[in-house]
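The values are calculated or read from the model by the stated rules, or taken from the named source; none is laboratory data. On a predicted model such as this, the values are computed, not experimentally measured, just so you know. Here the Cβ is made from the backbone with ideal geometry for all residues, glycine too, and neighbour counts use every protein chain on show.
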Protein chains: 2
Amino acid sequence: MVQFVHPPRDEITLAGVLAALADPMRLRIVKSLAAQNDCMSCTEAAPCPDMAKSTLSNHFRILREAGLIRTSKQGVQHRNVLREEDINVRFPKLLKMILSYPE
Amino acid sequence: MVQFVHPPRDEITLAGVLAALADPMRLRIVKSLAAQNDCMSCTEAAPCPDMAKSTLSNHFRILREAGLIRTSKQGVQHRNVLREEDINVRFPKLLKMILSYPE
DNA sequence: TTCAATAGTTCACTAGTATCGAACTATCGA
DNA sequence: TCGATAGTTCGATACTAGTGAACTATTGAA
């Protein structure tokens, strides 16, 4: 049984968040989740279709451990949701700001 | 003769900036430069006194290549200044926002 | 209940990056 | 010219990212 690691809100660090968002693929994943404003499976939120499953899984793990997303099992899928509220409390406006830039 | 690499403004990437700021030591360097609002030598802006010179030099190189600082020679020292204007044009409010968080 | 399909994770490997001490370069002042 | 100062470069080691292959868990159909 897979156990997901989610840091509590007050253990989310700026360095962790920035490092997680510093990868273009992960930024695209987060943008997808923010646009959807709902849960998405890993493959739904995949930044490009030809990415190796293991790489994708690793990106989701990094986002999860940085505190940016929350993952739960739902049948055969993992449902991912942006921890927008937690990030906003910890680092107000940061997420909105970063997601607002093009590229 | 050492030649410094500074990306032009429009080649500064979000991923590069975030990656550069994702390191606590580099974040402290940038905070020092922002607080000083003036040039600082590498040792003046060092985040902690016991850091190896080569490591410090590497951090400045990364900040430089990300477009966050501009370095020029002045005698025996290298004078570093935050490229606040450039970053603000490229990613408005990002720098101010990130530097405003404690930690 | 058995078995194939689907969705992710874990493992082992390779390649790239961070840290450090040591050696090097450039500048200044005596 | 020589020593001190400020950084950079180099070589070694340790850690991290990306990948395919193997694995786990759930579902749905025969």
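Structure notes:
- Filtered by the rule that a residue be part of a strand (DSSP E or B) and in contact with a Ser or Thr (Cβ under 9 Å, 6 or more places away or on another chain), the stretch A:70-103 gives A:74, A:77, A:78, A:79, A:80, A:81.
- Within the stretch A:44-83, considering residues that are within 9 Å of the chain's Cα centre (by Cα) and of a type in the set (A, V, I, L, M, F, W, C), the one nearest to residue A:14 (Cα to Cα): A:66
- Qualifying residue in the stretch A:19-42 (condition: more than 11 Å from the chain's Cα centre (by Cα), within 14 Å of DNA strand D (Cβ to nearest atom), assigned to a loop (DSSP other than H, G, I, E, B) and among the charged types (D, E, K, R)): yes
Residue by residue, here is whether (1) touching an Asp or Glu at 6+ places or on another chain (Cβ under 7 Å); (2) at negative phi; (3) modelled with pLDDT of 95 or more holds:
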position	(1), (2), (3)
A:38	no, yes, no
A:47	no, yes, no
A:53	no, yes, no
A:57	no, yes, no
A:73	no, yes, no
A:78	no, yes, no
A:83	no, yes, yes
A:87	no, yes, yes
A:103	no, no, no
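- A count restricted to the stretch B:85-103 and to residues that are at the interface with chain A (Cβ under 9 Å from one of its Cβ atoms) and either among the charged types (D, E, K, R) or touching a residue at least 60 places away in the same chain (Cβ under 8 Å) (or both) stands at 6.
- Any pair with Cβ under 6 angstrom, 6 or more apart, that starts in the stretch A:38-58 at a residue that is closer than 17 Å to residue A:72 by Cβ and ends at one that is near DNA strand C (Cβ under 8 Å from one of its atoms): A:39/A:79; A:40/A:80; A:41/A:77; A:42/A:56; A:42/A:60; A:42/A:78
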